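The next block holds one structure in the form of structure tokens; read it before the comments.
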Amino acid sequence: MKRHLLLYAACFMAFIALLKDAKNNEDSVRPPMPFTGNALAMSLQRLSQGENHLCRRDKAGTLWCWGNNLKGQLANPQFALQPVPQAIPFRRPFSMMEGGADHSCGLLTSGQVQCWGDPAMGVMGDGNSGAQPDTRPITVPGLSNIVRISSGFDGLCALDAAGKVFCWGAVGRSNSRQRIRVFRTYSRPEPMPLPEPAIHLGFGPHHACAVGASGAAYCWGFNGMGALGDGSVDDRMQPVRVLQLPERLVRITPGFLQTCAISVSKRVYCWGANYENQLGDGLRNPGEDAKRLHPGRVPGLENIVQLAGSSHTCALDDSGQVFCWGYNEHGSAGQDPARYPNVPVPMPVAFEAPVVELAHNEWGMCALTASDRVYCWGSNKAKLLGERATESSWRPVEISFPKDFAAR
């Protein structure tokens, strides 16, 4: 009898061990979901985004970048488009990079921030707004213990470990390409008066948002289409609370003129501009509902762990599937633009392996898969799809990295 009991116990323990191994293997593929309570711990992002340039971080923290370098965004003194990823010339242990129209900033693992590129609008954060691009890294003074940075076209914000948010450059404006109606600029980091510590931070081209420890959201900047979520279209240069949120949030992603966020239940809510189906609610004639002043749920999305986008948005779920919607003229939402000029509801984008990370640009998107491959789609005007790719592609195009990338 005892021998039978011992045999049953051994089988049960082996079964439990197999379950644990399966769960560990599953978790190694699935991206982690953040939790509320404190500022999110610094995560080592492998894909980092700019408006028309992108970077991939290697194991040593070096950034390998490609795309638009006309203003030194890629720290290369040859001001030209760069279709092949190259390591930035200064080697630093970066945890992530965020770029705007003409600049880049990197977050060091030490918690400091360094910026390079076009210093216009004070985006270097050092008190200067020169006219000449600088390909050298400039340390932003007054910042320490930073865990996340986020960039708009001409402005940046940083979140520290205590939940404080600091911003510099242009806080908000109405036309990012022509740089008109700039509402406020800071040449050095200035604290944002949030009513509670923040746990997550995002910055779109025109406005920024933060999630508080309570799960509430606060936004500031341009609000012409209701992207700040306070029920108005009035611009706000200081944070205002997003009203009528159905549940607490954990992550927030400001887009071109809209905002989307992930809730504690891993559902997605969006508000703001909808004239190009940015809200993903299935409206066939979005001109009838050009803007939405309060959050509404994006149907059909569950278990979402990451959002990325501009006038288009893509969502990554915890199984590694990607769904996109919104502006699709260049195929940026991952569908044939001949059939879908705009994508009204989230539609899947197929990959050879589960996706673990997303990074957007102004007219496209990139994804890193569990097989350690990078794919991009959308516009190729900045050569983000590579030299040989066509003008645009709605199908994901694999990005080739130099042979010595993996060895670093």
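The loop-placed trypsin sites (Lys or Arg not before Pro) in region 113-217, going by DSSP, that have at most 15 neighbouring Cβ atoms within 10 Å of their Cβ come out as 177, 179. Taking a straight Cα-Cα cut-off under 19 Å and skipping sequence neighbours fewer than 8 places away in the same chain, the aspartates and glutamates within cross-link reach of residue 381 are 51, 102, 329, 336, 362, 391, 398. Within the assembled protein chains, the solvent-accessible surface assigned to residue 192 is about 20 Å², based on a 1.4 Å probe.
Helical runs assigned H by DSSP (4 residues or longer) give the chain a calculated mean residue ellipticity at 222 nm of -2500 deg cm²/dmol, each run adding -39500 (n - 2.57) before division by the residue total.
Restricting region 268-321 to trypsin sites (Lys or Arg not before Pro) that sit in a DSSP loop and have at most 14 other Cβ atoms within 10 Å of their own Cβ leaves 284. Taking a ≥ b ≥ c as the square roots of the eigenvalues of the Cα gyration tensor of region 116-247, is the shape rounded (a/c under 1.5), prolate (a/b larger than b/c) or oblate? Oblate. Accessible surface of residue 108, taken over heavy atoms with a 1.4 Å probe and every protein chain present, rounds to 10 Å².
When the surface is traced with a 1.4 Å probe over the full set of protein chains, residue 373 keeps roughly 110 Å² accessible.
How high is the relative contact order of the chain, given as a whole-number percent (alpha carbon pairs under 8 Å, six or more residues apart)? Result for the chain is 12 percent.
Which one of 204, 142, 221 has the biggest mean-square fluctuation once the chain is modelled by GNM with Cα springs under 10 Å? The residue with the greatest mean-square fluctuation here is 142.
Accessible area per residue for the chain, computed on protein heavy atoms with a 1.4 Å probe, is 41 Å². Accessible surface ranking for 381, 403, 266, 59, 1.4 angstrom probe, highest first: 403, 59, 381, 266. Shape summary of region 288-356, radius of gyration then Dmax from alpha carbon positions: 12.4, 39 Å. Under 5 Å from the amide H of residue 164 lie the amide H atoms of 198, each residue being 5 or more positions distant or on a separate chain, with H modelled from the backbone and absent for Pro and chain starts. Computed in the context of the full set of protein chains, the accessible area of region 69-113 at 1.4 Å probe radius has 56% of its extent on carbon or sulfur. Based on C-alpha pairs under 8 angstrom that are at least 6 apart in sequence, region 96-172 has a relative contact order of 28 percent. Each Lys and Arg adds +1 at its Cβ and each Asp and Glu adds -1 at its Cβ; summed about the Cα centre, the chain shows a dipole of about 720 debye. Multiplying the residue separation of residue 91 and residue 139 by 0.36 nm and removing their Cα-Cα distance gives an extension gain of 15.9 nm.
The values are calculated or read from the model by the stated rules, or taken from the named source; none is laboratory data. Please read these numbers as outputs of a predicted model, since none were measured by experiment. Neighbour counts are summed over all protein chains in view; Cβ atoms, including those assigned to glycine, are modelled from backbone coordinates with ideal geometry. Please note that ligands, DNA and RNA were not included when accessible areas were found on the heavy atoms of the full protein model with its side chains. Shrake-Rupley method; radii C 1.70, N 1.55, O 1.52, S 1.80 Å.
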